[in-house]
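The values are calculated or read from the model by the stated rules, or taken from the named source; none is laboratory data. The structure presented is a predicted model; accordingly, all values stated were derived computationally and were not measured. All Cβ positions, glycine included, derive from the backbone under ideal geometry; neighbour counts span all protein chains shown. Surface areas here come from the heavy atoms of the whole protein model, side chains and all, with no ligands, DNA or RNA. Shrake-Rupley method; radii C 1.70, N 1.55, O 1.52, S 1.80 Å.
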Amino acid sequence: MAGHIITVIGGKGGVGKSQIAANLAFAFAAETRAKVMLLDFDQKASGDQNFITGIKSKKTIRDLGEYNGAIDPRSIIPFVTSHPSGVQYIGMPNDPASSNAINSDGLGKFLKAAPNLYPLTIIDGGSELTPLTLKALEYSTAIFLVVTPDILALNQTRRLFSDLVTMLFPKDMIIIIGNQVQKGHPVTPEVMGKTIGKPVFATVPKDDQTCVTALNQKKPIMVIGKTSSFAKGITECVRKLIQKNVLKTLARLNKPSDVQGKLASSPGDAGEEKGNTWTDLKSRIHRTLVDEMDLKKSDKDDPKAQIILREQTKKMVVEILNKEDTKGILNSREDMNQIVKEILDEALGLGPLEDLLSDKLCSEIMVIGPDKIYYEYEGKIKRSNITFTNDRQVLNVIERIVAPIGRRIDEKTPYVDARLADGSRVHAIIPPCALDGCTITIRKFPENRLTYKDLVKFGSLTQNMADFLRIAVEAHKNIIVSGGTGSGKTTLINVLGSFIPANERVITCEDSAELDLPQEHVVRLETRPPSLEGDGEIDIRCLVKQTLRMRPDRIVVGECRGGETLDMLQAMGTGHEGSMTTVHSNNPRECIGRIETLVQYAGAGLNAKAIREMISNAVHLIIQQSRLDDGSRRITYITELGGMQGDVVILQDIFVFNQRGFDKSGKIQGEYQATGFIPKFIEVLEKKGYNVPRGLFNNAQPATAPKTPDPAKPTGDAAGKGQQRPNGAQRKVDPKKRRA
């Protein structure tokens, strides 16, 4: 079985990471009764491990890096010095000049082979991300980050943790070890974890006397002081790792490659972006700003608090800029205002996306890594000239979006559905699933809720179609909106929802809340992803089942994509008429097949004919929403389900869109046509006393058209009245206003 590599690093010198690394090796050897390799990669403290372990290395890491032969159990013997406890050791040259001349790429060959030679290899990686340390991290299963309860050590460790995450090392891979921990000290392990951004995994008590004695005797603490508090802390850490199979779990994570290249493009001190002085200046200001201010304390739900925080942050940014040498970078007042705006957007908002979000004509934003940002403008996709500073900045934006709504994104679940404060839908996916860097897709919601009048104005449907749909919704007909991705299904179902009378109780179920219905009596439910432990997930099907116990008049499901489809059909057919949902499909006939497939996901064992009968009985209308080649979104079919004929569901088109071609500007030309078919439920409504204008189903325009209904101000005609009318009330239509 392949072994593991643990690299032990510290945020700054003096935190005891070398002693932790050495004693971890001896503790693992004692607990597992197996050979453990200990390597000294700390170039700044040449030879310290020789004193800590008391082992005089035969050959050094430099010799190993220059070895060109094959790495196998026999060839490695000349480089290794063994200790009776089972630890094998290769040290660092005592000469600093020799230490700095080590070939890190040459050592990569050994690190690649080490898991096949030893069950465990522990590396003392030092306190700086040198090329040698980065090479060790690249092959490591886990990174032990050692920190002491000291303000300076905490600050430097937080920066190092941020640098590692910037280089896309999984957060789960980084294990925080608290060293020199004392009872009663104000900096507790909880404070340390909160400051760094990850809980402390294990603590080692402060034990100066044992540590000094061990160094004087040039022997590991695990050899001379097994009963000391230090040794007990190390042993407890090792047992925790073994009992919880931590290393086996971490071995399945995807680690980054070419971490030296990633560091060079990160905003850290070791890798300022070369040649881009504007970006360099922004990075420095932003890091100083984070150190000076706590940007997370503000109440995000309080607009006044946000304004105050922005003004305070702006003042701080200007003060920091005045201390910087900006000659040749900021040449005018406009440059000063621009860089302040960009820093504020990055610190408090969504960085370079803020301008696109504020553009009312921009309907969708698509981010592919830090360098490629696309947006949809009037139905056409264009590339923006704005970019992020680096991949870490994109990840920061994602975390800033998902945190307020209780969602998370990490290496275990590298994707998330979320929403912005205005309801705009957000989907994000990060490496390792996203190969070109963090990816964000934002579908913006308009500032003002769209009404059916807007859709008529846009050409998405006609006035007759809108009047008919209002009648269908008020008559409690079950409706499925069918369409492809980005075709406008959610917008349409919002419009249909606005036709629901105000005295009815509506419950919505969604993955991420997008529906924005105008009624007051609306219960909004949202799914929840699983916790870090993998439990606690609440899916759409669970929510649909809960709605049945909440006395809904209507149930609106944002999208059916699984077993919840069966529960939705049962609800539609058992007392919750007038419910709505959306389904991904390309035409009404395909929609039937899609629903049939989704019902089978529920695992109820129903045969195909039984499912089709359920669909034909539960669903009354299918509205097909399509996005055409010119980017326009139109209703292409309004279709009634007319029962079964044999094994086939009968579909009858009521309205269709006929495309004729393109005009000179590339816009699609066509017209909506009524097929002349009168829906069956219209006849039922008329028998109950409703007076529905038959002219709705003719293509000829009436001499006197009915007054356009307004949801905010109901009229008395058949198409418009109903928002304020009690259920069952009959509608009366002036014969003069009836369509021909």
Among residues belonging to the range 176-194 that are open to solvent by less than 50 Å² (accessible area, probe 1.4 Å) and of a type in the set (S, T, N, Q), point out the one that is farthest from LEU145 (Cα to Cα).
-> THR188
Subset of the range 138-176 (residues that are without any contact (Cβ under 8 Å) to a residue 60 or more places away in the chain and β-branched (Val, Ile, Thr)) | ILE151, ILE174, ILE176
Candidates LEU152, LEU164, filtered to the one that is at pLDDT below 90, open to solvent by 20 Å² or more (accessible area, probe 1.4 Å) and either of a type in the set (A, V, I, L, M, F, W, C) or part of a helix (DSSP H, G or I) (or both) = LEU152
Only residues that are on the phi > 0 side of the Ramachandran plot and not in a loop (DSSP other than H, G, I, E, B): list them for the range 600-653, please.
-> GLY643
Can you pull out the residues in the range 73-98 that are open to solvent by 60 Å² or more (accessible area, probe 1.4 Å) and at pLDDT 85 or above?
-> PRO73, ARG74, ILE77, PRO78, SER82, PRO84
Quick check: anything in the range 303-323 part of a loop (DSSP other than H, G, I, E, B) and on the phi < 0 side of the Ramachandran plot?
-> no
Is it the case that ASP208 is surrounded by fewer than 22 Cβ atoms within 10 Å (Cβ to Cβ) and touching a residue at least 24 places away in the same chain (Cβ under 8 Å)?
-> no
Go through ILE9, ILE5, ILE71, ILE55 for me and flag whichever is more than 27 Å from ILE176 (Cβ to Cβ), outside any helix (DSSP H, G or I) and within 43 Å of the chain's Cα centre (by Cα).
-> ILE71
Take the residues in the range 403-461 that are farther than 30 Å from ASN658 by Cα and in a helix (DSSP H, G or I), then tell me which one is least open to solvent (accessible area, probe 1.4 Å).
-> ILE405
Please determine, by comparing only the residues of the range 99-128 that are in contact with a helix residue (DSSP H, G or I) (Cβ under 6 Å, 6 or more places away or on another chain) and in a loop (DSSP other than H, G, I, E, B), which one is modelled with the lowest pLDDT.
-> ASN103
Inside the range 210-252, counting only helices (runs of 4 or more DSSP H) that do not spill past its ends, which hold 1 or more residues that are farther than 20 Å from ALA2 by Cα?
-> 221-224, 229-243
Do you know which residues across the range 235-257 are among the hydrophobic types (A, V, I, L, M, F, W, C) and either within 18 Å of THR413 (Cβ to Cβ) or open to solvent by 60 Å² or more (accessible area, probe 1.4 Å) (or both)?
-> ILE242, LEU250, LEU253
Would you point out which residue out of LYS244, LYS255, LYS232, LYS240 is in contact with a Pro (Cβ under 9 Å, 6 or more places away or on another chain), at pLDDT 85 or above and among the basic types (Lys, Arg)?
-> LYS232
Counting just the residues of the range 572-582 that are within 22 Å of LEU492 (Cα to Cα) and surrounded by fewer than 23 Cβ atoms within 10 Å (Cβ to Cβ), which one comes out modelled with the highest pLDDT?
-> GLU577
Residues in the range 618-637: is at least one at pLDDT 90 or above, β-branched (Val, Ile, Thr) and open to solvent by 40 Å² or more (accessible area, probe 1.4 Å)?
-> no
The range 81-98 - residue that is touching a residue at least 24 places away in the same chain (Cβ under 8 Å) and in a loop (DSSP other than H, G, I, E, B) and, of those, nearest to ILE221 (Cα to Cα) | SER85
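Listed here are the residues, each with its yes/no results for (1) within 19 Å of ASN494 (Cα to Cα); (2) open to solvent by 30 Å² or more (accessible area, probe 1.4 Å).
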position: LEU543; (1), (2): no, no
position: VAL556; (1), (2): yes, no
position: GLY562; (1), (2): no, no
position: ASN587; (1), (2): no, yes
position: CYS591; (1), (2): no, no
position: ILE595; (1), (2): no, no
position: LYS609; (1), (2): no, yes
Residue list for the range 106-119, filter: within 35 Å of the chain's Cα centre (by Cα) and either open to solvent by 10 Å² or more (accessible area, probe 1.4 Å) or without any contact (Cβ under 8 Å) to a residue 40 or more places away in the chain (or both) | GLY108, LYS112, PRO115
Residues of the range 370-391 being touching a strand residue (DSSP E or B) at 6+ places or on another chain (Cβ under 7 Å), closer than 19 Å to ILE429 by Cβ and aromatic (Phe, Trp, Tyr), in sequence order, are TYR374, TYR375
Does the range 171-209 hold any residues that are among the hydrophobic types (A, V, I, L, M, F, W, C) and in a helix (DSSP H, G or I), and which are they?
-> MET173, VAL191, MET192, ILE196
Check on THR490, under 13 Å from VAL557 (Cβ atoms), β-branched (Val, Ile, Thr), out of contact with any helix residue (DSSP H, G or I) (no Cβ under 6 Å at 6 or more places or on another chain) and open to solvent by 20 Å² or more (accessible area, probe 1.4 Å) = yes
Members of the range 493-511 found to be open to solvent by 10 Å² or more (accessible area, probe 1.4 Å) and in a loop (DSSP other than H, G, I, E, B), listed by number = ALA502, ASN503, ARG505, ASP511
Residues within the range 649-691 that are farther than 23 Å from GLU577 by Cα, among the aliphatic types (A, V, I, L, M) and within 43 Å of the chain's Cα centre (by Cα), tallied | 2
Of all the residues that make up the range 480-493, how many are over 27 Å from the mean Cα position of the chain (by Cα) and farther than 15 Å from THR636 by Cα?
-> 0
Just give me the residues in the range 434-466 being at pLDDT 90 or above and farther than 26 Å from ILE668 by Cβ, in sequence order.
-> CYS438, THR439, ILE440, ILE442
How about the range 330-373: which of its residues are of a type in the set (Ser, Thr, Tyr), open to solvent by less than 60 Å² (accessible area, probe 1.4 Å) and modelled with pLDDT of 80 or more?
-> SER363
For the range 337-354, pairs from a residue that is within 14 Å of ARG400 (Cα to Cα) and in contact (Cβ under 8 Å) with a residue 40 or more places away in the chain to a residue that is open to solvent by less than 40 Å² (accessible area, probe 1.4 Å) and assigned to a loop (DSSP other than H, G, I, E, B), with Cβ under 6 Å and 6 or more apart or across chains, are ALA347/LEU295
